[in-house]
Amino acid sequence: MKLLVGLGNPGGQYEGNRHNIGFMAIDAIARANGIASWKSKNSGLLAEGTIGSERVLLLKPQTFMNKSGDSVQKVASFYKIPPADIVVFYDELDLAPGKVRVKIGGGNGGHNGLRSIDPQIGLDYKRVRLGIGHPGKENVTHHVLGDFAKADRTWLDPLLDEIARQTPLLLKGDDSGFMNKLALAVKGDEPAKPERPAPAAQSHIRQARSSKPQAEVPKSGPMADMLNKLFGKGE
């Protein structure tokens, strides 16, 4: 059995927060796989089901972010699930919005949810880092506890849908395949950007736009004589 954990804060006021993208990922997985019977247990919301041929537990800790480890440890201990079979989805400031990276072990990167989980179950669980972008050090709290903007739905919705579709790859250990599928889904939703000419080409374009063809003034002959008479330059 695999334990899939989404990190976030409980309560309607936090539902749309960037910090709750882990909850959103678990909800998307549950919807896509017909897992709907949530129970309040072990300090979290817990649901059991199958994804492909794999039995899974879905967990959304209800302890608030900085005590997420309390719920994860209780569930892992009760169901005897080792860290190698635990997958945690969470928001990552150090990744651009929509970018996803999967890794096993490593530091907590200052994330309060991981900081709570690591001492209780160890480091050898799988982490799915979901990029939300970094607003600058002074604005981190406002950013993570702020709701996703309407414009974010252009990458967020495809990302969550693809996470749900590609979870079987994650469960099989094909982390690279999982990340590639997600990258394609999000990239495919981005508007195409027109190609910009190379700097040399831009210079030629500007020159062509700003310069006007200059008529050649004859210096001798009938035309020159006529112009000299018109403008008083004749001898």
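The values are calculated or read from the model by the stated rules, or taken from the named source; none is laboratory data. Bear in mind that the values here come from a model prediction, so they are computed numbers and not experimental data. Cβ atoms come from the backbone with ideal geometry, glycine included; neighbour counts cover every protein chain shown. Surface accessibility is based on the protein's heavy atoms, side chains included, excluding ligands, DNA and RNA. Shrake-Rupley method; radii C 1.70, N 1.55, O 1.52, S 1.80 Å.
When you go through Ala200, Ala151 one by one, which is the residue that is more than 30 Å from Leu3 (Cβ to Cβ), modelled with pLDDT of 55 or more and of a type in the set (A, V, I, L, M)? Steps first, answer last, please.
On the way: Ala200 fails: modelled with pLDDT of 55 or more.
That would be Ala151, the only listed residue that is more than 30 Å from Leu3 (Cβ to Cβ), modelled with pLDDT of 55 or more and of a type in the set (A, V, I, L, M).
Out of everything in region 122-133 that is in a loop (DSSP other than H, G, I, E, B) and not charged (D, E, K, R), what residue ends up being farthest from Arg153 (Cα to Cα)? Quick ask: steps written out before the conclusion?
Applying the first criterion (in a loop (DSSP other than H, G, I, E, B)) to region 122-133 yields 122-125, 132-133.
Then drop every residue that is not not charged (D, E, K, R), which leaves 122-123, 125, 132-133.
Numbers: Gly122: 34, Leu123: 32, Tyr125: 29, Ile132: 12, Gly133: 14 Å.
Filtering region 122-133 for residues that are in a loop (DSSP other than H, G, I, E, B) and not charged (D, E, K, R), the one farthest from Arg153 (Cα to Cα) comes out as Gly122.
Kindly provide the set of residues from region 1-15 that are open to solvent by 30 Å² or more (accessible area, probe 1.4 Å) and in contact (Cβ under 8 Å) with a residue 60 or more places away in the chain, ordered by number. Even if it seems obvious, please write down each step before you answer.
Our first condition is that a residue be open to solvent by 30 Å² or more (accessible area, probe 1.4 Å); within region 1-15, this holds for 1-2, 11-15.
Selection gives Met1, Lys2, Tyr14.
Based on this model, can you work out whether Gln207 counts as modelled with pLDDT of 95 or more and either over 13 Å from the mean Cα position of the chain (by Cα) or open to solvent by 100 Å² or more (accessible area, probe 1.4 Å) (or both)?
Values: modelled with pLDDT of 95 or more: no; either over 13 Å from the mean Cα position of the chain (by Cα) or open to solvent by 100 Å² or more (accessible area, probe 1.4 Å) (or both): yes.
Criteria not met by Gln207.
Assess whether Asp225 counts as being part of a helix (DSSP H, G or I) and modelled with pLDDT of 95 or more. Don't jump to the end; show me each part of the working.
On the way: part of a helix (DSSP H, G or I): yes; modelled with pLDDT of 95 or more: no.
Spelling it out, it is not the case that Asp225 is part of a helix (DSSP H, G or I) and modelled with pLDDT of 95 or more.
For the subset of region 122-146 comprising residues that are in contact with a strand residue (DSSP E or B) (Cβ under 6 Å, 6 or more places away or on another chain) and open to solvent by 40 Å² or more (accessible area, probe 1.4 Å), which member is farthest from Val75 (Cα to Cα)?
Leu145
Do any strands (runs of 3 or more DSSP E) lying entirely in region 29-121 carry at least 2 residues that are open to solvent by 50 Å² or more (accessible area, probe 1.4 Å) and in contact (Cβ under 8 Å) with a residue 24 or more places away in the chain, and which ones are they?
By residue number, 54-61, 100-104.
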